[in-house]
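These notes concern the structure reproduced below.
The values are calculated or read from the model by the stated rules, or taken from the named source; none is laboratory data. No experiment lies behind these values; they were computed from the predicted model shown. All Cβ positions, even for glycine, are placed from backbone atoms using ideal geometry, and neighbour counts span all protein chains on display. To get the accessible areas, we keep the full protein, side chains included, count just its heavy atoms, and leave off ligands, DNA and RNA. Shrake-Rupley method; radii C 1.70, N 1.55, O 1.52, S 1.80 Å.
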Amino acid sequence: MLTYIFPPPPSLFVTAMTVISFTSSASLGLSELRGKHLHYSKFLNSGSKTSAAKKIKLSSRTGMLIAYNPAFLAGVASFVLYPQENIRILLLCSALTIHFFKRIFEVLFVHNYSGEMNLDVVLAISLSYFLSTATVTYAQYLAQGFPEPSVDLKYLGCLLFLIGISGNFYHHYLLSKIRSKGDKDYKIPKGGLFGLVICPHYLFEIVGFVGISLISQTLYAFSFTIGSALYLIGRSRATRRWYLSKFDHFPKNVKALIPFVL
């Protein structure tokens with residue numbers, strides 16, 4: 001493994017976060033497959049309506065801004081907190097900051113929101129993104145004293161990151177155009193890879209996360225990416241089931257996440 005990743009740093013915090021990040025995300029993905037969803041977007045009111053009614057709610061736009069801003073600020077702060085002694089940590093901090101800047105930009109100027117989010121879900125997502133961003137940059141800082149992996153993947157990682165972030169943005173743009181302003185009804189998305197999978201934006205998000213992992217080449221980065229991929233697989237499968245239940249004419253050949261496969 002040391003051919004491809006840095007040795008794990010002697011840090012109890014990073015070790016614990018490596019385990020927690022993977023297991024929590026993978027567990028959420030399994031919960032999605034079992035029909036127990038995080039309550040946002042089209043799954044806001046899934047589960048007990050009585051308990052959902054008691055939750056503190058925010059507009060989706062406000063909720064997503066709260067979810068993404070701490071991680072973006074952590075990315076910005078990493079340039080100050082950690083000396084940019086080599087190109088790898090500079091690329092990593094830049095990729096994370098760009099990733100969350102793009103998400104905030106989309107919240108403000110691209111997405112066409114029509115619903116609400118529960119405050120507890122917003123805070124959980126926000127904390128998760130913040131801790132993940134802080135941990136991956138800290139783990140990279142600790143790895144600077146170790147020998148570089150013999151196989152250098154950071155430039156391949158940059159390419160995958162750019163493909164992922166571009167594809168994700170494009171499909172978010174397509175999603176924003178399927179409803180006019182004020183329209184709250186869901187429609188079947190079209191264009192791009194939507195003719196093959198119902199969640200191409202998730203697919204490209206995974207590609208972007210793989211890119212970040214290859215830039216970093218730390219165990220924590222890979223554990224975060226694998227856990228996130230498992231969650232998005234579960235969420236995309238649940239999303240496909242939702243569309244099949246809501247639209248009689250939903251094309252059965254459209255997969256959840258990976259064209260022709262899954």
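For the range 94-118, filtered to residues that are among the polar types (S, T, N, Q) and under 22 Å from F209 (Cβ atoms), the residue that is surrounded by the fewest Cβ atoms within 10 Å (Cβ to Cβ) is S94. Selection within the range 3-27: residues that are farther than 18 Å from I212 by Cα and among the aliphatic types (A, V, I, L, M). The member of this set that is most open to solvent (accessible area, probe 1.4 Å) is L12.
Being more than 26 Å from A139 (Cβ to Cβ) and of a type in the set (A, V, I, L, M), is that true of even one residue in the range 157-176? Yes, some residue in the range 157-176 is more than 26 Å from A139 (Cβ to Cβ) and of a type in the set (A, V, I, L, M). Residues that are among the aliphatic types (A, V, I, L, M), at pLDDT below 95 and part of a helix (DSSP H, G or I) do not occur anywhere in the range 196-215.
Residues considered: I178, I233, I188. Of these, the only one that is open to solvent by 40 Å² or more (accessible area, probe 1.4 Å) and not in a helix (DSSP H, G or I) is I178. On the basis of being on the phi < 0 side of the Ramachandran plot, open to solvent by less than 70 Å² (accessible area, probe 1.4 Å) and part of a helix (DSSP H, G or I), does L131 make the cut? In short, yes.
Looking at the range 236-262, which of its residues are without any contact (Cβ under 8 Å) to a residue 12 or more places away in the chain and in a helix (DSSP H, G or I)? Selection gives R241, L244, S245.
Under the condition of being within 30 Å of L162 (Cβ to Cβ), among the charged types (D, E, K, R) and at pLDDT 85 or above, which residue from the range 41-93 is most open to solvent (accessible area, probe 1.4 Å)? Out of the qualifying residues, it is R61.
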